[in-house]
Amino acid sequence: MKTLKRDTLESIYDMKRDMLYLRAIISPLKEIIIKLQKEEETQIMQESTNIYLKDLFDHVVQVNDSIDTYREMLASFIDFYMMLNSNAMNEVVKTLTIISTIFIPLTFISGVYGMNFQNMPELTYKYGYYIVLTVMASLAMFMLACFKRKRWF
């Protein structure tokens, strides 16, 4: 279902439109048949014709019900396709959120230590650069472990 192409979706929409068109044609036939059944007996409309009209009415109702069923099925296909697209989009958003959540604190730390102040105490530490890099890597690993534990990816 992931490879459902745009033309397939368009054909589903076309079929749904056709079902609406058919229903618009078939629905008035029920009213016409009912009126014909109530008609008084004439040369054209005889008592024996009512049997055929009842049969015709049953067929029209059956066709109308079939059209409704097909319309619902087509709507379900469209809903299912939209759900698949929504799930795929949610996965992309989740991945981007995880990446952002990891890099925002790292960006903050590198921004603080990227300032050009002369009296920053950490600047005088011999291993200050390596300590900050270790803290940043540890923070990223800790967040990744938390995300894995929560099964976010």
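The values are calculated or read from the model by the stated rules, or taken from the named source; none is laboratory data. These figures come from a predicted structure and were not determined experimentally. Reconstructed Cβ throughout: ideal geometry from the backbone, glycine too, with neighbour counts over all protein chains shown.
Please determine whether any residue of the range 96-104 is in a loop (DSSP other than H, G, I, E, B) and either over 30 Å from K38 (Cβ atoms) or of a type in the set (V, I, T) (or both). Write out each step before concluding.
Taking the range 96-104 and keeping what is in a loop (DSSP other than H, G, I, E, B), we get none.
No, the range 96-104 contains no residue that is in a loop (DSSP other than H, G, I, E, B) and either over 30 Å from K38 (Cβ atoms) or of a type in the set (V, I, T) (or both).
Run down L74, L96 and say which single residue is touching a residue at least 24 places away in the same chain (Cβ under 8 Å) and either farther than 30 Å from K5 by Cβ or not aromatic (F, W, Y) (or both).
Working: L96 fails: touching a residue at least 24 places away in the same chain (Cβ under 8 Å).
Sole residue among the options that is touching a residue at least 24 places away in the same chain (Cβ under 8 Å) and either farther than 30 Å from K5 by Cβ or not aromatic (F, W, Y) (or both): L74.
Hey, among the residues in the range 38-53 that are among the acidic types (D, E) and in a loop (DSSP other than H, G, I, E, B), which one's modelled with the highest pLDDT? Steps first, answer last, please.
Our first condition is that a residue be among the acidic types (D, E); within the range 38-53, this holds for 39-41, 47.
The next check asks that each one be in a loop (DSSP other than H, G, I, E, B); those that pass are 39-41.
Numbers: E39: 79, E40: 76, E41: 73.
By that ranking, first place goes to E39.
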(request) Taking F153 as the residue in question, decide whether it is farther than 29 Å from R6 by Cα, of a type outside the set (V, I, T) and in contact (Cβ under 8 Å) with a residue 12 or more places away in the chain. (result) yes
(message) If I ask for residues that are modelled with pLDDT under 90 and under 23 Å from I12 (Cβ atoms), which ones from the range 83-134 would you list?
(response) L84, N85, A88
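State whether the residues of the range 21-37 include one that is touching a residue at least 24 places away in the same chain (Cβ under 8 Å), within 30 Å of M83 (Cβ to Cβ), within 37 Å of the chain's Cα centre (by Cα) and outside any helix (DSSP H, G or I). Quick ask: steps written out before the conclusion?
Going residue by residue through the range 21-37, those that are touching a residue at least 24 places away in the same chain (Cβ under 8 Å) are 22-23, 26-27, 29-30, 33.
Narrowing the set further to residues that are within 30 Å of M83 (Cβ to Cβ) leaves 22-23.
Next, from what is left, pick out any that are within 37 Å of the chain's Cα centre (by Cα): 22-23.
Narrowing the set further to residues that are outside any helix (DSSP H, G or I) leaves none.
For the range 21-37, residues touching a residue at least 24 places away in the same chain (Cβ under 8 Å), within 30 Å of M83 (Cβ to Cβ), within 37 Å of the chain's Cα centre (by Cα) and outside any helix (DSSP H, G or I): absent.
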(request) Return yes or no: is E91 under 30 Å from K150 (Cβ atoms) and either surrounded by 14 or more Cβ atoms within 10 Å (Cβ to Cβ) or without any contact (Cβ under 8 Å) to a residue 24 or more places away in the chain (or both)? (result) yes
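Any residue in the range 1-18 that is among the hydrophobic types (A, V, I, L, M, F, W, C), surrounded by 11 or more Cβ atoms within 10 Å (Cβ to Cβ), touching a residue at least 40 places away in the same chain (Cβ under 8 Å) and not in a helix (DSSP H, G or I)? Let's see the steps before the verdict.
Residues of the range 1-18 among the hydrophobic types (A, V, I, L, M, F, W, C): 1, 4, 9, 12, 15.
Now narrow it down to the ones that are surrounded by 11 or more Cβ atoms within 10 Å (Cβ to Cβ): 4, 9, 12, 15.
Imposing the further condition that a residue be touching a residue at least 40 places away in the same chain (Cβ under 8 Å) reduces the set to 4, 9, 12, 15.
Within this subset, residues satisfying the condition of being not in a helix (DSSP H, G or I) are 4.
For the range 1-18, residues among the hydrophobic types (A, V, I, L, M, F, W, C), surrounded by 11 or more Cβ atoms within 10 Å (Cβ to Cβ), touching a residue at least 40 places away in the same chain (Cβ under 8 Å) and not in a helix (DSSP H, G or I): present.
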